[in-house]
Amino acid sequence: MEGTVAVVFLSLLCLASEINGQEAISHISNGDTEREFCIVHNHSWTPLAQSLNSAMEYQLVNMTSSLLCDSSGINASSVMGKALVVMRGNCDFSQKALIAQGLGAMALLIASNKTLTIPSANESEYAKVNISLALMRYKDFLEAWQVFGNEMQVKLYAPPSTKIDPSIAVILLISIGTVVLGGYWSGACESKADSGELSLYSPLKVVIFVALMCGMLVLMYFFYKVLVYVIIVIFCLASASALYSCFDAVMDKIGCGTLRFSVRNWNFSVRSLLLAAVCISISVVWGVYRNEDRWIWILQDLLGIAFCLNFMKTISLSNFKICVILLSLLLVYDVFFVFITPFFTKNGVSIMVQVALGPDASGEKVSFLICNASFSQLPVVMRVPRLLAWAQNLCMMQFSILGYGDIIVPGLLVAYCSRFDVWIKSKRKVYFVSCCIAYFLGMILTFIVMLLSGMGQPALLYLVPFTVITSAVVAGCRGEMKQFWAGTTYQQAVQKKCLYYIELHAGLKECCLFQAIFPVV
């Protein structure tokens, strides 16, 4: 089970980031009454005005009976110089925009019954469109139609948002805290001869592992509409189990006792039953209300932190060589599926982008991992509301997000450094501390580049070199590179666990049983 979850989620860890868009506002009035509704706009199309006063006003024509995939039956004189509202579906956003533009319309609103996504197209299509384009909720348009009828006048504008937001500090705190706790937990388990339940111990196993990840991503590309719900179910189960492990470890640490009882020769722990009920309830609530922006991000982040912590504790890399191979392959994995696959897909969209944004993605490039983004259906990111935008009462919540991969992938190296400190009996935890500092500096650099460039960044591009090079330098300076590189082989690890088990139970038979319950990837 753990191996399956590892393959599925590592293949999706680096998804869902920023596309070049933001929220905007449609100001609808009839001269006496006015209403404002949220719309979603993409800067790659014709930019919107930044304030209500500078926005152009157009008469709004209700054409929601049409999908506007062709111009048949539409009188151009009735829409000339006006704004149109049409329904979403059946054809690309760019096709609708070009048809509306050909009819002489000045703006196009696409009413959607689905979750709002930022309208995108192939890059070549953006330059052809000269009218404003945005998506709005169909129910919002119906509300406006009931209030204003045919007298609707509309202004579209997009208030500027600040790049620097306190949510960045929260994201940084979550990432650093999770990596430090996960590494510490892995080292603590190692000191008790209870290290990762799944161990990657050979280069071939790592290559197979990454190959399975690639296969999973390709399957998601072709069967997204079905597999996305499979991923959500797996995440609910895995995160509930991870949350239980975390809470149970905390209870053990604080010395919380367990009350046991028996029913027909079955032994039960009251603490375990209560924890299981709480964790399953949290997971189920998230699964049911996962599209509720206002508060569900709290549960998603809680489950995500637990998932990352348990992943780092469960998956162990046996030596630095394996760490270098795995992290390097994941960098290549990102680059290939983001920048190379668009040359092979029919619509020119990378496989990574298509899976990240779902079937509606149609050409907008995605920058990875720390950004402002619309909600992703895949539960593979930490989300924190942009606090300044929230305070400004914008129509929808904006989020800064961080992919689980930016925590787990370098976190596996941090966990290895923590275990190595245990092997060499380093009281100062020099490898663990230095790798954590390198991770922190890598995250800081990622944020700086993000803010300077104004777009999301592939955080692994900074985190992997920072953590790998720092760990290698520390090992080299201490004269321990050979041992650090070779680490603990599988046989040595099994022997150590067997010796520990024999010491406790004084029996080789139990050791063989112990070895059998430690499966290896």
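Give the residue, chosen from C256, C279, C246, that is of a type in the set (A, V, I, L, M, F, W, C) and part of a loop (DSSP other than H, G, I, E, B).
Numbers: C279 fails: part of a loop (DSSP other than H, G, I, E, B); C246 fails: part of a loop (DSSP other than H, G, I, E, B).
After ruling out the rest, the residue left standing is C256.
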Going through region 28-59 in order, the residues found to be assigned to a strand (DSSP E or B) and within 23 Å of T115 (Cβ to Cβ) are I28, R35, E36, F37, C38, I39, V40, H41, N42
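Report the residue count in region 294-346 for those that are among the basic types (K, R) and under 30 Å from L275 (Cα atoms). Even if it seems obvious, please write down each step before you answer.
From region 294-346, those among the basic types (K, R) are 294, 313, 321, 346; that's our starting set.
If we keep only those that are under 30 Å from L275 (Cα atoms) as well, we get 294, 313.
Qualifying residue count, region 294-346: 2.
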Under 6 Å between Cβ atoms, which residue pairs at least 6 apart in sequence (or on different chains) link something in region 52-63 that is closer than 16 Å to G81 by Cβ with a partner that is assigned to a loop (DSSP other than H, G, I, E, B)?
Y58/K82; Y58/M106; Q59/K82; L60/M152; V61/K82
By residue number, the members of region 77-95 that are out of contact with any helix residue (DSSP H, G or I) (no Cβ under 6 Å at 6 or more places or on another chain) and closer than 14 Å to T46 by Cβ are A83, F93
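Please note which helices (runs of 4 or more DSSP H) are completely contained in region 103-207 and include at least 2 residues that are among the aromatic types (F, W, Y) and over 30 Å from C417 (Cβ atoms).
Numbers: elements: 123-126, 138-148, 167-191.
Ranges flagged: 138-148.
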Scanning region 66-79 for residues that are of a type in the set (A, V, I, L, M, F, W, C) and surrounded by 12 or more Cβ atoms within 10 Å (Cβ to Cβ) gives L67, L68, C69, I74, V79
Pull out all pairs, ordered by first then second residue, where Cβ-Cβ is under 6 Å, the residues are six or more apart or on different chains, the first lies in region 318-344 and is in contact (Cβ under 8 Å) with a residue 60 or more places away in the chain, and the second is assigned to a helix (DSSP H, G or I) and surrounded by fewer than 16 Cβ atoms within 10 Å (Cβ to Cβ).
N319/A486; F320/W485; K321/W485; I325/P203
Tell me, yes or no, whether region 91-103 has at least one residue that is at pLDDT below 85 and among the polar types (S, T, N, Q).
yes
Looking at A306, A361, A356, can you tell me which residue is modelled with pLDDT under 90, in a helix (DSSP H, G or I), surrounded by 19 or more Cβ atoms within 10 Å (Cβ to Cβ) and not basic (K, R)?
A356
In the set I25, I74, the lone residue that is farther than 15 Å from N150 by Cβ and outside any loop (DSSP other than H, G, I, E, B) is I25
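Is it the case that region 127-141 has a residue that's among the acidic types (D, E), modelled with pLDDT under 90, in the same structural domain as I407 (by TED's automatic domain parsing) and surrounded by 15 or more Cβ atoms within 10 Å (Cβ to Cβ)? Lay out the reasoning, then the answer.
Narrowing region 127-141 to residues among the acidic types (D, E): 140.
Retained after the next criterion (residues that are modelled with pLDDT under 90): 140.
This time we only want the ones that are in the same structural domain as I407 (by TED's automatic domain parsing), so: none.
No.
Going by the structure shown, is N122 under 30 Å from S350 (Cα atoms) and modelled with pLDDT under 85?
Details: under 30 Å from S350 (Cα atoms): yes; modelled with pLDDT under 85: yes.
Here the answer is yes, as N122 does meet what is asked.
Can you tell me which residues in region 32-42 are in contact (Cβ under 8 Å) with a residue 40 or more places away in the chain and surrounded by fewer than 16 Cβ atoms within 10 Å (Cβ to Cβ)?
Initial filter on region 32-42 (in contact (Cβ under 8 Å) with a residue 40 or more places away in the chain): 33, 35-42.
Listed by number, the residues that qualify are T33, R35.
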Mind listing whichever residues of region 181-224 are at pLDDT 85 or above and of a type in the set (D, E)?
E190
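For region 254-276: of the residues being among the small types (G, A, S) and surrounded by 11 or more Cβ atoms within 10 Å (Cβ to Cβ), which is farthest from A238 (Cα to Cα)? Spell out how you get there, then give the answer.
Quick first cut of region 254-276, residues among the small types (G, A, S) only: 255, 257, 262, 269, 272, 276.
Restricting the remaining residues to those that are surrounded by 11 or more Cβ atoms within 10 Å (Cβ to Cβ) gives 269, 272, 276.
Details: S269: 21, S272: 17, A276: 13 Å.
That would be S269.
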Restricting to region 278-294, what's the tally of residues that are within 19 Å of the chain's Cα centre (by Cα) and of a type in the set (S, T, Y)?
2
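So how many residues does region 77-102 have that are among the small types (G, A, S) and assigned to a strand (DSSP E or B)? Break it down stepwise before answering.
Let us first name the residues in region 77-102 that are among the small types (G, A, S), namely 77-78, 81, 83, 89, 94, 97, 100, 102.
Now narrow it down to the ones that are assigned to a strand (DSSP E or B): 83.
Total satisfying the criteria: 1.
Considering every residue within region 498-521, establish whether at least one is under 26 Å from the mean Cα position of the chain (by Cα) and either at pLDDT below 85 or under 25 Å from A169 (Cα atoms) (or both).
Quick first cut of region 498-521, residues under 26 Å from the mean Cα position of the chain (by Cα) only: 521.
Restricting the remaining residues to those that are either at pLDDT below 85 or under 25 Å from A169 (Cα atoms) (or both) gives 521.
Checked region 498-521: at least one residue is under 26 Å from the mean Cα position of the chain (by Cα) and either at pLDDT below 85 or under 25 Å from A169 (Cα atoms) (or both).
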Of all residues in region 274-303 being among the charged types (D, E, K, R) and more than 21 Å from V250 (Cα to Cα), the one that is modelled with the highest pLDDT
R290
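Which of the following residues is in the same structural domain as V409 (by TED's automatic domain parsing) and surrounded by fewer than 18 Cβ atoms within 10 Å (Cβ to Cβ): M251, M213, M220? Step through it out loud before you land on a result.
Details: M213 fails: surrounded by fewer than 18 Cβ atoms within 10 Å (Cβ to Cβ); M220 fails: surrounded by fewer than 18 Cβ atoms within 10 Å (Cβ to Cβ).
Criteria check complete, one pass: M251.
Pick out the one residue from S94, S112, S120 that is buried (at least 24 other Cβ atoms within 10 Å of the Cβ) and of a type outside the set (A, V, I, L, M).
Details: S94 fails: buried (at least 24 other Cβ atoms within 10 Å of the Cβ); S112 fails: buried (at least 24 other Cβ atoms within 10 Å of the Cβ).
The match here is S120.
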Any pair with Cβ under 8 angstrom, 6 or more apart, that starts in region 145-170 at a residue that is in the same structural domain as H43 (by TED's automatic domain parsing) and hydroxyl-bearing (S, T, Y) and ends at one that is modelled with pLDDT of 85 or more and in a strand (DSSP E or B):
none
Residue hits (region 427-467; at pLDDT below 90 and closer than 21 Å to S186 by Cα) are K427
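What's the total number of residues in region 418-442 that are within 15 Å of I176 (Cβ to Cβ), in contact (Cβ under 8 Å) with a residue 60 or more places away in the chain and touching a Ser or Thr at 6+ places or on another chain (Cβ under 6 Å)?
Within region 418-442, the subset within 15 Å of I176 (Cβ to Cβ) is 418, 432-442.
From what's left, in contact (Cβ under 8 Å) with a residue 60 or more places away in the chain: 418, 432, 435-436, 439-440.
Narrowing further to those that are touching a Ser or Thr at 6+ places or on another chain (Cβ under 6 Å): 418, 432, 435, 439.
Summing the residues that are within 15 Å of I176 (Cβ to Cβ), in contact (Cβ under 8 Å) with a residue 60 or more places away in the chain and touching a Ser or Thr at 6+ places or on another chain (Cβ under 6 Å) in region 418-442 gives 4.
Sort out which residues of region 444-485 are outside any helix (DSSP H, G or I), in contact (Cβ under 8 Å) with a residue 40 or more places away in the chain and more than 27 Å from V170 (Cα to Cα), and write them in order of number.
If we filter region 444-485 for residues that are outside any helix (DSSP H, G or I), which is where we start, we get 454-459, 478-480.
Pick out the ones that are also in contact (Cβ under 8 Å) with a residue 40 or more places away in the chain and you get 454-459, 478, 480.
Of everything in region 444-485, those that are outside any helix (DSSP H, G or I), in contact (Cβ under 8 Å) with a residue 40 or more places away in the chain and more than 27 Å from V170 (Cα to Cα) turn out to be R478, E480.
The values are calculated or read from the model by the stated rules, or taken from the named source; none is laboratory data. This one's a predicted model, so the numbers in the text were calculated from it and none came from an experiment. So basically every Cβ, Gly included, is an ideal-geometry build from the backbone, and we count neighbours across all protein chains shown.
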